[in-house]
Structures are given as structure tokens and as C-alpha cells.
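Working notes, beginning with the structure itself.
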Amino acid sequence: MKLHSGLFTLIVLFISVTIFGQEGQTRFGFKAGVNFSSIASGQYNEGGIPRVGILFGLVSEIPITPEISFAPELLYSQQGNVRRFNEMGSNSTTRTHLNYVNVPLLFKYYMNDNVSIDLGPYTGLNIIANSVIRSGGGAPSSTKIEEGINFFDAGITGSIGYMMSQDFFISARYSRGFTSVFDNTADSLGLRAKNSVFNLSFGLYL
């Protein structure tokens, strides 16, 4: 119930900030891309490599001045971490799969007609989390993480965008969480482990 109400709140937040844009000037579209994510913690990220995941969702742009726009987004984002370690002579991996619905609230500054710099906060909800363990050459075993995950995430995100045409764009973005991924920040999963995500994406305004 808590997750459902939180997800509803994020969707309402996205809709609200776009509705109050300047009538006839707000642009809507979609984007998709690839994430390279990790859980930034000295303990938890030991032996870690980025998890490769996908992102997709809705974008909007509300002009404020000719150079500055407000650009909220509603995105599904696959994040997490991959750890490799040696267990009794066998190479094993533990993958933490975190799946979020994120709402970045960006301010976009156009340096010229094509290049923009975006910066702003984001908030998100972890809708499902799984731990996937593969020992040696055996088959992977997936377990849903029921406890210990902080379902709420918040942080800051920034990107560089390039308009390929009037409607088509590409961007490179980095996001860093301020909140802990795990409820218990003193456990073996690491102290104050936070999301760290770099992504590349493309999109189209309709």
C-alpha cells in the first residue's frame, strides 16, 4: 500500500508540473537509453562492476525564457550493482537488481540552438529489488529482496543534451543519490550505500 501510494504521488507530481506549463508551448515526448549503475560504497562496491540496464519514459519541456526551460521527466530505470568474488576457487557473482520509477525535475539551459546543460533534483521509488547469485559455472539463482531496501530514493542529476534536429535529441547524464539504498546503513551491505548512475539516451519530442 505504501509503495502504491508513493508511485501514485510521483505520477501526480509529473502531471502537475507539466499541466501548469505555458499553454501551447509545453513539449512532450519520450526517451530510452542504457544505464551503467553502481552502488557507491567502499565496502559494498568492493570487487564491483557497473550493472548494465535500461531506462525509458516520458519527457516534457516548459519554456521559461528563450534559453531556459523546466524539463520534468517520468522514467523507469534499471539500476543496481554487480560484484565478482572468488569462492573456494570458483569465480562467483552477486547481482543486486534495483528497479526504480524516477521523476527528475530538471532546469535546462541552452548554450546555443543545439547544446543544452541540464541540472536538478530527482526523486524515485524502488518498485522491485532482486538478488541474483551465480556460483562458479552453476545456474543463477534469483531471490526477491523483501527486507532492508529503502524504497525511496532522492538525489541530484545533471546531463548534456544535443538536439540532432528540431524534435530528436541525445543526452549523457550522471545521477548521484543522497539517500541510502538500504534501511540499515551499518550492516554488511555497506555504510551509506548510495545509487550512482551514468546513462546514455535518445529521445523524440512529439
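Residues in the range 93-130 that are more than 21 Å from A40 (Cα to Cα) and among the aromatic types (F, W, Y): F107, Y109, Y110.
Can you say whether N102 is at pLDDT 90 or above, loosely packed, with under 13 Cβ neighbours inside 10 Å and over 15 Å from N81 (Cα atoms), as far as the supplied structure shows? Criteria not met by N102. Screening Q166 with (1) at pLDDT 85 or above; (2) in contact with a strand residue (DSSP E or B) (Cβ under 7 Å, 6 or more places away or on another chain) gives one miss only, at (2). Looking for something among the aliphatic types (A, V, I, L, M), under 19 Å from P104 (Cβ atoms) and in a loop (DSSP other than H, G, I, E, B) - is there at least one such residue anywhere in the range 174-186? Yes, because at least one residue in the range 174-186 is among the aliphatic types (A, V, I, L, M), under 19 Å from P104 (Cβ atoms) and in a loop (DSSP other than H, G, I, E, B). Scanning the range 106-158 for residues that are loosely packed, with under 15 Cβ neighbours inside 10 Å, aliphatic (A, V, I, L, M) and part of a loop (DSSP other than H, G, I, E, B) turns up M111, A139. Out of the residues in the range 161-173 meeting the condition of being part of a strand (DSSP E or B) and more than 16 Å from the chain's Cα centre (by Cα), tell me which one is farthest from I117 (Cα to Cα). Among those that are part of a strand (DSSP E or B) and more than 16 Å from the chain's Cα centre (by Cα), it is F168.
Only residues that are closer than 18 Å to D167 by Cβ and either modelled with pLDDT under 70 or of a type in the set (K, R) (or both) were counted in the range 10-47, giving 5.
The values are calculated or read from the model by the stated rules, or taken from the named source; none is laboratory data. All of these numbers come straight from a predicted model, not from anything done at the bench. All Cβ positions, glycine included, derive from the backbone under ideal geometry; neighbour counts span all protein chains shown.
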